[in-house]
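Report on the following structure.
The values are calculated or read from the model by the stated rules, or taken from the named source; none is laboratory data. Predicted, not measured: the structure shown is a model, and the values here were computed from it. Here the Cβ positions follow ideal geometry from the backbone for every residue, glycine too, while neighbour counts run over all protein chains shown.
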Amino acid sequence: MELNYKQLAYTAVIAVVANLAIVAFSQEIIGTSPEFEPLTYGPVATLTLLSAIGAYGVLELKKKHMDNPYEAFMGLSAGVLILSFIPVIVVAPEEAGAGAVEVAALSLTHVVAAVAIVGTLLKLEFKE
């Protein structure tokens, strides 16, 4: 299995920048609480980067072990996105500074990360 680090780098950069734009917009324009730690630059950038790395690894493994890995990858990605809302619904509302707007903006980062990561990986995959 030959790893394509350029594909991983593009995917990670696009997803992280997109999510940091959501954080900037939510803090500067909407005025979300800076006390709401899950919606600050560090955690959002770190977890988005880790998500991109994980998704890239899963896609590479599926390509190695399956005849048609792309449908399975998209299905798994949708399932992971749905599961990612559990801590947003259960844990995030209990955090300091949490309100409906903060939780909604955090939810948006999950959707943006999923779309950016899956979309970029598949676009680059079929470009080659």
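Some notes on this structure:
- Qualifying residue in segment 57-72 (condition: polar (S, T, N, Q) and more than 22 Å from G99 (Cβ to Cβ)): yes
- Annotation note: Cβ proximity below 7 Å between a residue of segment 74-98 that is on the phi < 0 side of the Ramachandran plot and a residue that is at pLDDT 95 or above and acidic (D, E) (sequence gap 6+ or interchain) occurs for E95/E37; A96/E35.
- In the set (1) surrounded by fewer than 16 Cβ atoms within 10 Å (Cβ to Cβ); (2) touching a residue at least 60 places away in the same chain (Cβ under 8 Å); (3) assigned to a loop (DSSP other than H, G, I, E, B); (4) not hydrophobic (A, V, I, L, M, F, W, C), the condition left unmet by S33 is number (1).
- Filtering segment 36-53 to residues that are of a type outside the set (A, V, I, L, M, F, W, C), in contact (Cβ under 8 Å) with a residue 12 or more places away in the chain and assigned to a helix (DSSP H, G or I) leaves E37, P38, Y41, T48, S51.
- Scan of segment 36-66 for residues that are aromatic (F, W, Y) and surrounded by fewer than 16 Cβ atoms within 10 Å (Cβ to Cβ), ordered by number: Y41
- For segment 18-30, taking the residues that are buried (at least 17 other Cβ atoms within 10 Å of the Cβ) and small (G, A, S), the one that is farthest from E95 (Cα to Cα) is identified as A18.
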